[in-house]
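The block underneath contains the structure these notes are about, expressed in structure tokens.
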Amino acid sequence: MTLTRRGRAALVLAPLLLVSACGSSGDDATSAEVASEAPLRIVSTVAPITSIVANIVGDRAQITGVVPEGTNSHTFEPPPQISAVMEQADVVFVNGLQLEEPTFELAEENAPEDATIVKVGDEVLPESDYIYDFSFPKEDGKPHPHLWTDPTHAIKYAEVVLKTLVAKDPDNADYYTANHKAFVAKATALSEALTSDQATIPAGGKQLLTYHDAYAYFAKTYGWQVVGAVQPSNFEDPQPKEIARIIDQVRERKVPVIFGSEVFPSAVLEQIAAETGARYEDTLRDDDLPGKPGDPQHSWLGLMRYDYVTMIKGLGGTTKALDALDASDVAPDTADYPQ
Ligand SMILES: [Zn+2]
């Protein structure tokens, strides 16, 4: 049998633990026991995925996020030192759907042979359901990657994470399974609160004009209409001609609010708002969790509640159910979120 990286690390640790435990050495049974207790090393990419993984993993494994919060995850190039993180990985979770190809390639090149590398989004969505549009044109080959902004897909992400962890670390299967069950219950409650609160938006008002469109799958599931996005597919600010077209569109459709992005601040929204009378909300977030690591709202649940409340209130609805939701994590979040 080949020793896994995890096994090697455990054997290095074992003598130290034995000495402190009983002062004896060479106890093979105890070594084996300790080996099975070496925590998995998990690497993930964007913060919402790190948070979903953390909810299931709790304090039983080590999780390192590698895409800093508040950066453009679509163009993120991992710095060279991330190779060393990948070299230590037992499991790597990436979103897939072409979101973080350079990070995925770095994992493929550097992770140990027996590491499991999972493109979570590719596992849950068949290619026939990929969405392409103005923001993510088919000719560029990159579909909308933001499945996690839709709770029904986030629940599927959690299933993939659970299956992967149980296969890799069967000793903690019961713990992971219980956390998964609790997480699915909270994600389902979030989905129900969203459905209930979005019904308070005046008729015909579930229209999204965003700066950075992270809601294509969400819109499909929850009956919203993405009327456009300000940001072109190259992630630059739009050209004057494009801004003029958007201004016409906002006037024509009587769009009341334009939703900007925390991750992609842009003065263009102010200009469109000034010329059309539409308001702009510039704080939607697609992968930047609210607050700081350790804050109760710094989680996937906190992120999505924040975005839904911002959208629904912005469009004239009320958010009684979302406000009452318990959005706390189901397990201690010990993941490392680079800022
Ligand atoms: Zn995005």
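The values are calculated or read from the model by the stated rules, or taken from the named source; none is laboratory data. Only a predicted model underlies this, so the values are computations on that prediction, with no experimental measurement involved. Cβ sites come from the backbone with ideal geometry, for glycine too, and all protein chains shown count toward neighbours. Accessible surface is based on the protein model in full, side chains and every heavy atom, while ligands, DNA and RNA are left aside. Shrake-Rupley method; radii C 1.70, N 1.55, O 1.52, S 1.80 Å.
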Here the residues within the range 83-97 that are more than 16 Å from the ligand (Cβ to nearest atom), open to solvent by less than 20 Å² (accessible area, probe 1.4 Å) and either aliphatic (A, V, I, L, M) or under 13 Å from the mean Cα position of the chain (by Cα) (or both) are Met86, Ala89, Val91, Val92, Phe93
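Condition first: small (Gly, Ala, Ser) and assigned to a loop (DSSP other than H, G, I, E, B). Now tell me which residues in the range 73-109 satisfy that.
Ser73, Ala89, Gly96
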Taking first residues from the range 263-277 that are open to solvent by less than 20 Å² (accessible area, probe 1.4 Å) and assigned to a helix (DSSP H, G or I) and second residues anywhere that are of a type in the set (Phe, Trp, Tyr) and within 16 Å of the ligand (Cβ to nearest atom), the pairs with Cβ under 8 Å that are 6 or more apart or on different chains are Val268/Tyr211; Leu269/Tyr211
Take the conditions open to solvent by 40 Å² or more (accessible area, probe 1.4 Å) and not small (Gly, Ala, Ser) and apply them to Glu100. Does it pass? no
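How about the range 279-300: which of its residues are assigned to a strand (DSSP E or B) and either loosely packed, with under 13 Cβ neighbours inside 10 Å or among the polar types (S, T, N, Q) (or both)? Write out each step before concluding.
Let us first name the residues in the range 279-300 that are assigned to a strand (DSSP E or B), namely 279-284.
Residue satisfying the conditions is Thr283 alone.
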Across the range 15-59, the tally of residues that are open to solvent by 10 Å² or more (accessible area, probe 1.4 Å) and either touching a strand residue (DSSP E or B) at 6+ places or on another chain (Cβ under 8 Å) or at pLDDT below 55 (or both) stands at 23
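Return the residues of the range 194-203 that are under 21 Å from Gln297 (Cβ atoms) and either of a type in the set (Asp, Glu) or touching a Phe, Trp or Tyr at 6+ places or on another chain (Cβ under 8 Å) (or both); say none if nothing qualifies.
Residues satisfying the conditions are Leu194, Asp197, Gln198.
One line per residue, one yes/no per condition, for (1) away from the ligand (no atom under 16 Å from the Cβ); (2) at pLDDT below 95:
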| site | (1), (2) |
| --- | --- |
| Leu269 | yes, yes |
| Asp282 | no, yes |
| Leu289 | no, no |
| Asp295 | yes, yes |
| Ser299 | yes, no |
| Met304 | no, no |
| Val309 | yes, no |
| Ala324 | yes, no |
| Ala327 | yes, yes |
### Query
Scanning for something in a helix (DSSP H, G or I), away from the ligand (no atom under 16 Å from the Cβ) and buried (at least 20 other Cβ atoms within 10 Å of the Cβ), does the range 139-152 turn up at least one residue?
yes
Given the conditions (1) at pLDDT 90 or above; (2) outside any strand (DSSP E or B); (3) surrounded by 13 or more Cβ atoms within 10 Å (Cβ to Cβ), every one holds for Gly260 apart from (2)
Of the residues in the range 210-257, those that are within 16 Å of the ligand (Cβ to nearest atom), closer than 18 Å to Tyr306 by Cα and part of a strand (DSSP E or B) come to Thr210
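Can you tell me which residue among Ala182, Ala158, Ala199 is away from the ligand (no atom under 16 Å from the Cβ), open to solvent by 50 Å² or more (accessible area, probe 1.4 Å) and among the aliphatic types (A, V, I, L, M)? It would help to see each step written out before you state the result.
Details: Ala182 fails: open to solvent by 50 Å² or more (accessible area, probe 1.4 Å); Ala158 fails: open to solvent by 50 Å² or more (accessible area, probe 1.4 Å).
Of Ala182, Ala158, Ala199, the one residue that is away from the ligand (no atom under 16 Å from the Cβ), open to solvent by 50 Å² or more (accessible area, probe 1.4 Å) and among the aliphatic types (A, V, I, L, M) is Ala199.
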